[in-house]
Amino acid sequence: MSPLLVVVLLFFSSSCSVSSHQYYVSDDCSSVTQSPCNPLSVYAGDMSQYNNTIFYFIGTSSISYYVVNMMFAENVTLYGLDQSPNINCKGVSKTSIFVFSSNDVTISNISFSDCSLEIHSSNNITISNSSFIRSESGSLQLQNAFDVNISSSVYNDYQIFIWYTPLLVCSDELPHYSLILTNVNLTQLPDAGKMQLVINHGNSYNVSIIFDHLHSAQWLTLELLESIFHFFITKSSFDSTDQNLGFWIKFGENSAPTKCSYPGITLAPNVVLIEESQLYNNWYGFQITTDKYLPGTMNYHIIIKSCLMYDNEAGLFIDATFLRFLQIDIIDTELIGNGGNKIMNSNAISFSNVTVASSTSTGLTLVRSLVTIKNNLIFKNNTGVVGGGLAINDSSRLILTSSANLEFIDNHASYKGGGIYVEESTSSDMKLMAPNIPLTLIHNTAGLVGGDMYGYHRSSGEKYQFNLTNPHISSTGNPMSMCSCDPHAISIAKSCSSYVSEQHIYPGQTLQYHVALFGYNYLRSLTPTDGTVQVYNDTNLINQTYIPNTCSLIEYIPKLTQSGYQSDLAIVIPSSLGNQIFPFFIVNECPIGFRLDKSQGSCICSQSVSRENVTCDINSLNITHNGLLWIGTYHMSTPFNANATNPNACIINEDCLLYCSPSPVTFKLNDTHTQCVDNRRQRMCGSCTEGYSLLMGSNKCGQCHINYMMIAWIALFAVMGVLLVVLLIALNLTVSVGTLNGLLFYANIVKLYEPVFSRKGALPVLSQVISWINLDFGFEICFYNGMDSYAKQWLQFAFPLYLWIIIIIIIQLCRRYGKISRLMGSHAVPVLSTLTFLSYTKLVRTIVIVLHKREVTLHCTNESVRSVSLWYQDPNVEYAKGKHAGLFGFALLVTVFFVIPYTLFLLLNRFLEKYLSNFKVFRKIWSHFKPIIDAYSGPMKDEYRFWPGLLLVARIPVLLTVTFLKNESRVLLLAAAAFILSLSFIFGGVYRKKLNNIIEFWFLLNLCIMASLSIAFTGDSKVLIWYNTCLSVFIFSFILIVVYHLYLQLSHMKCYDALIKKLFKKQDEDDEPLLDVTESVKTVDQQRQEIVPSSTDVRRCASRESVVDLY
């Protein structure tokens, strides 16, 4: 009978006796035409007096401070009469409508808002065409409500609880009750709406539950506690909007079971049938669990038929750990797009016509389960890690009946077993109950091994075999065989051998063995596979290594406390102990640079090598440090192997600032060149690499591409020397003018500090000008093939001496030939003085390099420690011995016979002339050197004639500082430059001409600025900017001085005077001349010379006599 017909009949019967059996209910009865009409509160107190009554609800009825009690009521109907009757319980946190021990209660066509309904111990309950909407609170609770029919209703976020508990008294016959939900929609808001059905009545009665066309967006739980029931779900859907459980069947134990008996009645298994239903978008689509061991007094049969489970995180999840009497049949069902499906601890489950597709975490996983395949089981497009389509784990077994058919198509496992994975280690298996059961494996893949199948092979002991529809499959299994192999071989199988060659190691080194593993494929042939191997020393497990399906490396570092003995190992496969490899190894003494540390059982850095930021790797024999350090053996000429143990070896471990890499380096003691830069090698990076030569213009090593270039370079140097002399004579660029002292001091200091100011150096043009002023070549050239530091220092002495020879020859020619003397004028001696002045810093620097000694400590392996003296510039050369002895002696001669006398000569010339001129012998000697003294001190005021000597002496501490104290040299340079600048200020200018004082002040100030910037800015990018800027200012100043000298020379030429007269003649031809033209073009110097003759004027008047007297 349809619900609508029931309502019509009820309405017709009520209209016959309105006065006694029908009432109207509304909060606003004034708008209701029917009578009697009252608010619900009028009837709510005790509705048992209203038996056989219909309550018509019109409009809104609010329940706030009272409860609608319907106790012991009979045939009571709550019916909504108009379009939107509503019972509003908002704000009420307790039960709003309470029905107890009542019969024939009907609720129809009413909307409930936030109402809580409780129906206890009542029969024939009908709820139809109603809606239950929850915004704050609200629930529907049915406890022992029998023969309940809920239809065409909506429960929005309602919590529905249905309990069945035992009756107080057993009946003579088994009672049967029902619960029917038809066209019910359970919707859910983000709150915790759910439906819970608890069947806990034991055997006191039987409940038949039917869910037909139920749509549940809530968490639906069926809790079964050893009771008699039948549960049928058909054409329903379960989806959880908040990714919760879809349908959860939870088995539990009845703590107080009833003991009713029904003679002559045999109880059939309790059945749960889910048919033509869908479970989707849930965390678990369908779940079965239990948490207690059940005694098995009840049998359960769960059937899932013609269902679709899709897009769940876990589509099917069954854990039947304690369910011994549970049978599960899954028939004509599809599991599509789920995260995975898992069956655990089940011994009675069957599949028939089931498709598992597009799963993302293995199509179906069996764990300790027994599963029977009665018909088709198809896996398509599933993915997983171990097992893409099907994974049979933990002693599970798949039983295939005679009608079974397995298909695996396009499945993938990222590790192994793309189609099927069978865990052999736990005796998991597939059992065939008939011959030639079809097995289809097509396009299945795996990341490592077993594209189609892993862990299952055809056994000769098996009675039946599969019928492979595709005979070309990729399969393998657990490792059963192992061999030593060659990692470079094309075929692993062909390179296999049971023999392993002995290995010689040092304590701490890694033992390395290459092995390959093989397992049985489906046809029981050995194919490469993966697995774990264990390494034993006697009976002790010392290593465990995973081996992929290739020839792979096993590494083990034994902890050894002694050397010089032999030991053996055993490499085994845990799953196949009968297949083993027995390698052995010999322990050698630690090599050079290492020592045995018994606490670590390994060779570590020896005491001769060990220091801060130095590490030693015994496996690679590599030594690593942070740079600017050199570690190696003293005797580099004798080659040796890095793994040699030489008791006579001596090791050097010293700081290396010149030619060693500033970056971290890794090297071996027999190959130390990686510590060097600029193509250097040998002891402390002192020599060039073989095939390279030391370059002129830098300390780098380069290749000489033309063997006869030395002749060309000698010719070029010769011409350049002559050109330099000619340039100095032509422009009178000499110290006698007074413009060069500050310039030369600046250029000398900057050249000395070039590696301190900027490691990258200046721009090429700027650097070359500075080098030329310092009599260096200025750019890198290979002078001849094989040139070393020894030869280069001789060449550093040679060029200044060559310049002196040129000017001395010119002076001698002036003595003999009058024309040459008239041509040279008074410039010969000033030029000689200038070249000597230019050469001074270069010679002193070369002498310091030649005399620079380095004491090196040798740590020998026989525990002796001694020191040796090496030449700092090339530590491959012993100091003052061998070929260095001649260079050493020559440097001393130059120091004694030139540097010291020349320095004292310039610094103390005024004292010598004043106090030693009374001696006749000294007066005669002094007359020869008087022109040279005048060349240096002529521009000076008489009381400051020592100034050139002071500038000369100031170069020596600066040179020594930058050579021996690089870290403090910037501050000391600033102090020296500031001191000289301060003296110049205190003296009020040491030059006769104000212009010379300004020039020297400018260069000293620029030097102070450069020293300050070098202290303030040390970043490479900033250093490059300020360094090149300062040099650019210097070069510009140098050019101005050259232009000034050119002007001075031109102003003394007759042609220049004639040109001036010609230019002024036209201007003055109409005017009376006020001044003589020749007088108008006199320079400032000429005018001052008329007043105060300088020493240069004296030389100009008697230049020839000075040259003759000097020689």
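Please name all residue pairs, on different chains or six or more residues apart, with Cβ atoms under 7 Å, provided the first residue is in the stretch 394-418 and is free of Cβ contacts under 8 Å to residues at least 24 places away in the same chain and the second residue is part of a loop (DSSP other than H, G, I, E, B).
Sorted first by the residue in the stretch 394-418, then by its partner, the list stays empty.
Could you list, in sequence order, the residues of the stretch 385-416 that are surrounded by 24 or more Cβ atoms within 10 Å (Cβ to Cβ) and on the phi < 0 side of the Ramachandran plot?
388, 389, 390, 391, 392, 396, 398, 408, 411, 413, 416
Do you know which residues across the stretch 571-600 are at pLDDT below 85, surrounded by 15 or more Cβ atoms within 10 Å (Cβ to Cβ) and among the small types (Gly, Ala, Ser)?
575, 576
Could you grab the pairs with beta carbons closer than 7 Å, sequence gap of 6+ or different chains, first residue in the stretch 312-325 and closer than 17 Å to residue 396 by Cα, second one surrounded by fewer than 24 Cβ atoms within 10 Å (Cβ to Cβ) and among the small types (Gly, Ala, Ser)?
318/346; 320/346; 324/296
Could you tell me how many of the residues in the stretch 340-382 are closer than 22 Å to residue 281 by Cβ, surrounded by 20 or more Cβ atoms within 10 Å (Cβ to Cβ) and of a type in the set (S, T, N, Q)?
Result for the stretch 340-382: 5.
From the list 449, 515, 500, which one is under 30 Å from residue 604 (Cα atoms) and modelled with pLDDT of 90 or more?
515
Can you name every one of the strands (runs of 3 or more DSSP E) wholly within the stretch 337-393 that holds 3 or more residues which are under 12 Å from residue 413 (Cα atoms) and of a type outside the set (Gly, Ala, Ser)?
Because the criterion is at least 3 residues that are under 12 Å from residue 413 (Cα atoms) and of a type outside the set (Gly, Ala, Ser), the strands (runs of 3 or more DSSP E) in the stretch 337-393 that meet it are 383-386.
Scan the stretch 162-173 and give yes if some residue there is of a type in the set (Asp, Glu) and in contact with a Lys or Arg (Cβ under 8 Å, 6 or more places away or on another chain), otherwise no. Outline the logic, then answer.
Step one: of the stretch 162-173, the residues of a type in the set (Asp, Glu) are 172-173.
Restricting the remaining residues to those that are in contact with a Lys or Arg (Cβ under 8 Å, 6 or more places away or on another chain) gives none.
No.
Show the residue pairs that are 6+ apart or on different chains and have beta-carbon atoms under 7 Å apart, the first residue being within the stretch 679-690 and more than 12 Å from residue 660 (Cβ to Cβ), the second being β-branched (Val, Ile, Thr) and assigned to a helix (DSSP H, G or I).
The qualifying pairs do not exist here.
Here are some residues: 403, 414, 425. Which one is in a loop (DSSP other than H, G, I, E, B) and either outside the structural domain of residue 576 (by TED's automatic domain parsing) or among the aliphatic types (A, V, I, L, M) (or both)?
403
Could you figure out which of (1) out of contact with any Leu (no Cβ under 6 Å at 6 or more places or on another chain); (2) under 22 Å from residue 187 (Cα atoms); (3) aromatic (Phe, Trp, Tyr) isn't true of residue 286?
Condition not satisfied by residue 286: (1).
Which residues, taken from the stretch 527-546, are surrounded by fewer than 18 Cβ atoms within 10 Å (Cβ to Cβ) and at negative phi?
Here is the first cut: in the stretch 527-546, the residues surrounded by fewer than 18 Cβ atoms within 10 Å (Cβ to Cβ) are 532, 534, 536-546.
Hits for the stretch 527-546 are 532, 534, 536, 537, 539, 540, 541, 542, 543, 544, 545, 546.
Would you check if residue 476 is crowded, with 23+ Cβ neighbours inside 10 Å and among the polar types (S, T, N, Q)?
Yes, satisfied.
Within the stretch 458-469, identify whether any single residue is part of a strand (DSSP E or B), of a type in the set (Val, Ile, Thr) and either over 22 Å from residue 515 (Cα atoms) or touching a strand residue (DSSP E or B) at 6+ places or on another chain (Cβ under 8 Å) (or both), and answer yes or no. Please lay out each step first, then the result.
Residues of the stretch 458-469 that are part of a strand (DSSP E or B), as a first pass: 466-468.
Narrowing the set further to residues that are of a type in the set (Val, Ile, Thr) leaves none.
No, the stretch 458-469 contains no residue that is part of a strand (DSSP E or B), of a type in the set (Val, Ile, Thr) and either over 22 Å from residue 515 (Cα atoms) or touching a strand residue (DSSP E or B) at 6+ places or on another chain (Cβ under 8 Å) (or both).
Regarding the stretch 967-986, can at least one residue be identified that is modelled with pLDDT of 75 or more, more than 22 Å from residue 844 (Cβ to Cβ) and in contact with a helix residue (DSSP H, G or I) (Cβ under 8 Å, 6 or more places away or on another chain)?
no
If the Cβ limit is 7 Å and pairs must be 6+ apart or interchain, which residue in the stretch 278-292 that is over 21 Å from residue 235 (Cα atoms) pairs with which residue that is of a type in the set (Val, Ile, Thr) and surrounded by fewer than 24 Cβ atoms within 10 Å (Cβ to Cβ)?
Between residues of the stretch 278-292 that are over 21 Å from residue 235 (Cα atoms) and residues that are of a type in the set (Val, Ile, Thr) and surrounded by fewer than 24 Cβ atoms within 10 Å (Cβ to Cβ), the close pairs are 290/321.
Kindly indicate which of 1027, 1047, 1056 is within 30 Å of residue 734 (Cβ to Cβ) and modelled with pLDDT of 75 or more. Quick ask: steps written out before the conclusion?
Numbers: 1027 fails: modelled with pLDDT of 75 or more; 1056 fails: modelled with pLDDT of 75 or more.
Matching residue, one of 1027, 1047, 1056: 1047.
Within the stretch 501-526, can you find the residues that are crowded, with 19+ Cβ neighbours inside 10 Å and in a strand (DSSP E or B)?
505, 513, 514, 515, 516, 517, 518, 519, 520
Please specify each residue of the stretch 265-302 satisfying the condition of being surrounded by fewer than 19 Cβ atoms within 10 Å (Cβ to Cβ) and within 20 Å of residue 366 (Cβ to Cβ).
The answer is 289, and nothing else.
Report yes if residue 248 is without any contact (Cβ under 8 Å) to a residue 40 or more places away in the chain and buried (at least 19 other Cβ atoms within 10 Å of the Cβ), otherwise no. Spell out the reasoning first.
Values: without any contact (Cβ under 8 Å) to a residue 40 or more places away in the chain: no; buried (at least 19 other Cβ atoms within 10 Å of the Cβ): yes.
Taking the combined requirement at face value, the residue does not satisfy it.
Scan 192, 145 and give me the residue that is closer than 23 Å to residue 90 by Cβ, small (Gly, Ala, Ser) and either in a strand (DSSP E or B) or at pLDDT below 95 (or both). Before you say what the answer is, go through the steps one by one.
Details: 145 fails: closer than 23 Å to residue 90 by Cβ.
Every option except 192 fails the conditions.
Look at the stretch 212-253 and say how many of its residues are at pLDDT 85 or above and touching a strand residue (DSSP E or B) at 6+ places or on another chain (Cβ under 6 Å).
So the count comes out to 29.
Counting just the residues of the stretch 420-442 that are under 22 Å from residue 575 (Cβ atoms) and of a type in the set (Gly, Ala, Ser), which one comes out surrounded by the most Cβ atoms within 10 Å (Cβ to Cβ)?
428
Can you confirm whether the stretch 316-324 contains a residue that is at pLDDT 95 or above and surrounded by fewer than 20 Cβ atoms within 10 Å (Cβ to Cβ)?
Within the stretch 316-324 (the criterion being at pLDDT 95 or above and surrounded by fewer than 20 Cβ atoms within 10 Å (Cβ to Cβ)), the answer is no, since none of the residues qualifies.
As an exercise: evaluate residue 256 against (1) of a type in the set (Gly, Ala, Ser); (2) out of contact with any strand residue (DSSP E or B) (no Cβ under 6 Å at 6 or more places or on another chain); (3) modelled with pLDDT of 95 or more and give the number of the one condition it does not meet.
Just one mismatch for residue 256, condition (3).
Listed residues 212, 172, 147, 239; which is within 28 Å of residue 311 (Cβ to Cβ) and either in the same structural domain as residue 115 (by TED's automatic domain parsing) or surrounded by fewer than 19 Cβ atoms within 10 Å (Cβ to Cβ) (or both)?
On the way: 172 fails: within 28 Å of residue 311 (Cβ to Cβ); 147 fails: within 28 Å of residue 311 (Cβ to Cβ); 239 fails: either in the same structural domain as residue 115 (by TED's automatic domain parsing) or surrounded by fewer than 19 Cβ atoms within 10 Å (Cβ to Cβ) (or both).
212 is the lone residue from the list that is within 28 Å of residue 311 (Cβ to Cβ) and either in the same structural domain as residue 115 (by TED's automatic domain parsing) or surrounded by fewer than 19 Cβ atoms within 10 Å (Cβ to Cβ) (or both).
Tell me which strands (runs of 3 or more DSSP E) are completely within the stretch 27-140 and hold 1 or more residues being surrounded by 15 or more Cβ atoms within 10 Å (Cβ to Cβ), assigned by TED's automatic domain parsing to the domain that holds residue 154 and on the phi > 0 side of the Ramachandran plot, or say none if there are none.
74-80, 103-108, 116-128
Please go through the stretch 589-634 and give me each residue that is among the β-branched types (Val, Ile, Thr) and in a loop (DSSP other than H, G, I, E, B), ordered by number.
Within the stretch 589-634, 592, 609, 614, 618 qualify.
The values are calculated or read from the model by the stated rules, or taken from the named source; none is laboratory data. All values reported here derive from a predicted model rather than from experimental measurement. Cβ sites come from the backbone with ideal geometry, for glycine too, and all protein chains shown count toward neighbours.
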